[in-house]
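For reference, the structure discussed in these notes is given below.
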Amino acid sequence: IAVMYLGKMVELSDSKSIFVDPLHPYTQALLSAIPIPRIDVKREEIILKGDVPSPVNPPEGCRFAGRCIYVQDVCRQKTPELKPYAAGRFVACHFAGKLQRTVHD
């Protein structure tokens, strides 16, 4: 599965890894929005704040920085590269692996 935000790939992984342990904050938010058809299972939905930047004139640095809860100065200054994280997993985030991630069923 490839996850893209404003035309840039932010995460690439097999489906099991994406659903069990999403690495990028955008992937985490996307997965938190999937309805669970069981009333006994609760999951916190991640509500993204901020505005979606223009895809025609994207911001400098990480395109997701304006909506990311983990944003730091480096995110607004330097575009993160899609880099290997683990076997068969790639992520474009300066803080991948250092963030508290949401585990999904």
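Observations on the structure shown:
- Ellipticity at 222 nm from helices only: DSSP H runs of n ≥ 4 in the chain, each -39500 (n - 2.57), divided by the residue count, give -4000 deg cm²/dmol.
- Fraction of accessible area attributable to carbon and sulfur, the range 1-81 (%, probe 1.4 Å): 56
- Pairs from the list 49/78; 42/83; 16/78 with a Cα-Cα gap above 26 Å: 42/83; 16/78.
- For the range 14-86, trypsin sites (Lys or Arg not before Pro) meeting the loop criterion (DSSP other than H, G, I, E, B) and having at most 13 other Cβ atoms within 10 Å: 38, 42, 49, 78.
- Cross-link reach is defined here as a Cα-Cα straight distance under 16 Å, omitting same-chain residues fewer than 8 places apart; for residue 8 the aspartates and glutamates meeting it are 60, 81.
- In the range 11-96, the GluC sites (Glu not before Pro) that fall in loop regions by DSSP, at most 15 other Cβ within 10 Å: 44, 45, 60, 81
The values are calculated or read from the model by the stated rules, or taken from the named source; none is laboratory data. Note that the structure is a prediction, hence the values are computed from the model and not measured. Counting neighbours? That spans all protein chains shown, and the Cβs are built from the backbone with ideal geometry, glycine included. All accessible areas refer to the heavy atoms of the entire protein, side chains included, with ligands and DNA or RNA removed. Shrake-Rupley method; radii C 1.70, N 1.55, O 1.52, S 1.80 Å.
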